[in-house]
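Below is one structure; the comments refer to it alone.
What follows draws every value from the coordinates through simple rules; no lab data is involved. No experiment lies behind these values; they were computed from the predicted model shown. All Cβ positions, glycine included, derive from the backbone under ideal geometry; neighbour counts span all protein chains shown.
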Amino acid sequence: MLLWLAALILEATLLPAFKMAGVKADLLTVFLTIFAFLKGAPGGAAAGFFCGLLEDLYLAKFLGLNALIRMATGYLVGLSKDWLNRDNILAPGILTFVATVGQGFLFLFISYLAGFKYPWLAGMLTVVLPMALYNSSLAVLGYSIYQGGAAWGSRKRKTGN
Amino acid sequence: MGPLRRKLMIPLILVLAAVSLYFVMRWTALERERLSVIEGALRDALAPVEKGITLVVNKAGGWLAVIKNYSRLQAENQALKEEVAALRTANIQLEEYRQENLRLRELLNFTEVNRNAYDFVVAPVIARNPSNWYQSLTLGLGTAAGLQKDQVVVTSRGVVGRITAVTPRTAEVLLILDREGALGGMIQVNRTPGIVEGSPDYRGYLQMIHIARDAPVMENQVVVTSGLGGIYPRGLFLGTVVKILPEPDGLMKRAIIEPSVDFDRLEEVLVITRVKEGIADAVPGVDAPLAGSPYPGSNPAASL
């Protein structure tokens, strides 16, 4: 809960100062992808639904749109848990890239149905693609830090025993 | 030599020595032109040794003082470091105040110039929209400060957007960069009207769409609000045309506009809470201002 809230607040306050190619990083997607990759489809779907709903409540717009999109993202990314090596640092990066592109496509499609008409090609080229590259870089970095921390914790436990 | 003579010899030598020393003493008591050879030789011979010993003593004294004062110097050093850190922090804070002062002075100048046209409230920007799809920001003032939905938000540089949602302590401002933040604009110099909205392909830029192909729209022309639509007063600065592009249908064209406001660096903004009676249009060449017409965002309480 606190992690998602912190990510949302960072996106609203700190991350606009670190725009790249005109877009901010989507920390929620980065965290969700790593979480779903580690926990699997059911956990990923639940986390996606929860953080999406939190985002919808914060944005106060198209309530449920992000909950739906992120739930689908969490579920689909979570399916990769069984057939991707967890030691592969690049895996979360690639998954985040694909997840961001998929989320962008879903967002444009569902919001189009809901009345938010954003030009498709411009949306994909100027928002989704730069965001996917930015997010996937952060995912690789974040997952490396996570793995480093996990290895350190494991060593510490062994030494303690 | 007999024993008696030997006994007298010693006192005699001592007396002679004493007398000699007395005369030597008398001779050397006065200031002399030069030292004797023996005195000079002795002094010259001892000089390097004295020099070396004095140097060592001085150095050792310094080192001893360092060792003796080490703990005091350490504490002093620590205190000075803390003082430097505190001064550095204070300096950064002062720089912040200086910059805030400049920004507020700029806003104040703008409000002074427009005091007959509008009532303003200065509001701080506290957050931005976390999503990349929407362009909005959150102000740290709400209905408690007199802010209402559809009030226009500006800076001294131009239009920022309009309030779309408001709580007692916050207000959400939809930026003119947003796809849903479209407003009426016109080229200032020749009054060519058009709809101004956020450009989807030129991110961070505005675009004026549906301009007739033969309309006299060129680069570097200034774009201002047209007042059409009833929310934005006429004559507020929007930006400058940087590019003209033909529309795919071939009949119309669009102008890419660089906004006058840097939306990524907004810290304080002005909310127009009331449009006063009889304002003159800020755009030269227009005689009939829209002044006085209360737009949806005008504060009813303020107009009483």
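Brief remarks on what is shown
- Residues of region B:147-173 satisfying the condition of being within 14 Å of chain A (Cβ to nearest Cβ) and either closer than 21 Å to B:Leu107 by Cβ or of a type in the set (Ser, Thr, Tyr) (or both): B:Ile163, B:Thr164, B:Val166, B:Thr167, B:Thr170, B:Ala171, B:Glu172, B:Val173
- Summed over region A:1-52, residues that are more than 16 Å from A:Leu76 (Cβ to Cβ), in a loop (DSSP other than H, G, I, E, B) and away from chain B (no Cβ under 11 Å) total 1.
- Being in a helix (DSSP H, G or I), away from every other protein chain (no Cβ under 14 Å), touching a residue at least 24 places away in the same chain (Cβ under 8 Å) and among the small types (Gly, Ala, Ser) holds for only one residue in B:Ala123, B:Ala144, and it is B:Ala144.
- Residues in region B:189-204 that are within 23 Å of A:Gly123 (Cα to Cα) and in contact with a Pro (Cβ under 7 Å, 6 or more places away or on another chain): B:Pro200 alone.
- For region B:48-71, the condition holds for no residue, the condition being that it is polar (S, T, N, Q) and closer than 30 Å to B:Gly235 by Cα.
- Candidates A:Gly123, A:Gly78 - the one that is part of a helix (DSSP H, G or I) and away from every other protein chain (no Cβ under 14 Å): A:Gly78
Listed here are the residues, each with its yes/no results for (1) closer than 17 Å to B:Glu267 by Cα; (2) not hydrophobic (A, V, I, L, M, F, W, C).
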{"residue": "B:Leu139", "(1), (2)": "yes, no"}
{"residue": "B:Arg157", "(1), (2)": "yes, yes"}
{"residue": "B:Thr167", "(1), (2)": "no, yes"}
{"residue": "B:Leu175", "(1), (2)": "yes, no"}
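- Residues of region B:186-203 that turn out to be within 34 Å of the chain's Cα centre (by Cα) and without any contact (Cβ under 8 Å) to a residue 60 or more places away in the chain, as a count: 6
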